[in-house]
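J.: Got a structure for you, questions after.
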Amino acid sequence: GEPTWNVNKVNLQTIKKKIGNICIHLSFNGGKDPRTRNAKGHVVGKLGRVLNGIDRSVAYQKRTRFGITNVELLMFVLKLKTLTGIAEEDRTMLTAALVIGQVALMRPDEFVAPFSTMATDPEDPLRSTMLKKDVIFLTDKDKSKVAVKLWICRSKTNRHGEHSIPLAKISNPLICPVSTMSTYLDLHHGKSEEPLF
C-alpha cells in the first residue's frame, strides 16, 4: 500500500538536499544531471516544479513576529543620534524613515525606493514608490502642522493606491511622525517627483 507520511515532520531542506545528492551521484556515474538552472541558479523545469509542489504541501511553522513599541522605537532613534561617522542629513533621513515606517505600519517597499532616480518605464517598481509630493501636512488654524498624511502608491493588499490615515503629532518630537518628516523634508529639498526615501 501507499506509505503514510506525516507531512508536518518532513523537512523541505532535507528533501531538497537528498534530491541534490541523487543528481550529483547520477552525474558522477556517467549519467546526466536532471537539474536545469536559470541565470540566477534556481532549479527550473520539471524538477523545479516538483520542488515547488513539495514547498506548497509541506507544512511549515510561521515565525513569530513581535511589534516595536514606542519605547523601543525611541531607543533606536536615540542610538542613531550617538552613531559617529554618519552625516547629519543621513541621520535625519534614517530617523524619519524608521519613524514613519513604524508609525504608519508600512512595508519597506511601500515607502523606500531601491534607487535614488526615477524610472520612466511604467512597469518599473520605482513607478510605485513614495515620492516627496506624496507627503501632505495637515495644519490647524494657526498654520502649525498637526498631522501628516501619506499617499501609498501601491501596497501588498492595494495595488491602486490609497491615502494613509492621518498620523497625528505626538508630544515626543524624537518619534513624532510630523516632526521627523518635517525636519527631514526641510533638510532634503528637491523636486517633488523625487523618491521620498
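J.: Suppose accessible area is computed on protein heavy atoms with a 1.4 Å probe; arrange MET75, MET93, MET181 from highest to lowest. Kindly include the intermediate steps, with their values, before the conclusion.
T.: Values: MET75 125, MET93 50, MET181 0 Å².
In descending accessible area the options line up as MET75, MET93, MET181.
J.: Share of the stretch 10-49's accessible area from carbon and sulfur, percent, 1.4 Å? Mind dumping the intermediate values first?
T.: Working: 1820 of 3150 Å².
With neighbouring chains kept in place, the figure for the stretch 10-49 is 58 percent.
J.: Going by amide H atoms built from the backbone, whose H comes under 5 Å of the H on LEU196, apart from near neighbours?
T.: MET130, LEU131, LYS132
J.: Suppose R0 equals 22 Å; then what is the FRET efficiency for GLU193 and VAL146 from their Cβ-Cβ distance, rounded to the nearest 0.05?
T.: Working: r = 26 Å, r/R0 = 1.20.
Computed FRET efficiency for GLU193 and VAL146 comes out at 0.25.
J.: Just to verify a number: what accessible area does LYS17 come out at with the full protein assembly present, 1.4 Å probe, Å² rounded to tens?
T.: Here the accessible area works out near 140 Å².
J.: Using a 1.4 Å probe and counting only protein heavy atoms, arrange THR36, THR129, THR157 so the residue with the most accessible area comes first.
T.: Values: THR36 75, THR129 5, THR157 125 Å².
Largest accessible area first, the residues go THR157, THR36, THR129.
J.: Okay, next question. So how exposed is GLU88, as accessible area in Å² (1.4 Å probe, rounded to 10)?
T.: Solvent-accessible area, nearest 10 Å²: 110 Å².
J.: With label points built 7 Å along Cα→Cβ from the Cα atoms of THR157 and LYS40, find their separation and express it in nm.
T.: In this crude spin-label approximation the distance works out to 2.6 nm.
J.: Quote to one decimal, in nm, the extra length available between LEU74 and LEU174 on full extension: 0.36 nm per residue of separation minus the C-alpha distance between them.
T.: 35.3 nm
J.: Please list HIS188, HIS42 in order of solvent-accessible area, largest first, computed with a 1.4 Å probe with all protein chains present.
T.: Numbers: HIS188 40, HIS42 110 Å².
Output order, biggest surface exposure first: HIS42, HIS188.
J.: If you take every residue apart from LYS145 with its C-beta less than 15 Å away from the C-beta of LYS145, what net charge results, scoring Lys and Arg +1 and Asp and Glu -1? Numbers along the way, then the final one.
T.: Values: positive: LYS141, LYS143, LYS149, LYS169; negative: ASP140, ASP142, ASP186.
Once positives and negatives cancel, what remains is +1.
J.: Right, next: Tell me, what ³J(HN,Hα) does each residue in the stretch 32-43 have, in order and in whole Hz, if you take phi through Karplus 6.51 cos²θ - 1.76 cosθ + 1.60 with θ = phi - 60° and put x for Gly and Pro?
T.: 9, 5, x, 7, 10, 10, 8, 4, 8, x, 7, 6
J.: Averaged per residue, what accessible area in Å² does the stretch 146-197 show with a 1.4 Å probe, protein chains only? Mind dumping the intermediate values first?
T.: On the way: 2940 Å² over 52 residues.
Averaged over the residues of the stretch 146-197, the accessible area is 57 Å².
The values are calculated or read from the model by the stated rules, or taken from the named source; none is laboratory data. Keep in mind that what you see is a predicted model, and the values were worked out from it rather than measured. Counting neighbours? That spans all protein chains shown, and the Cβs are built from the backbone with ideal geometry, glycine included. We work out accessible area using only protein heavy atoms, side chains counted, and drop any ligands, DNA or RNA first. Shrake-Rupley method; radii C 1.70, N 1.55, O 1.52, S 1.80 Å.
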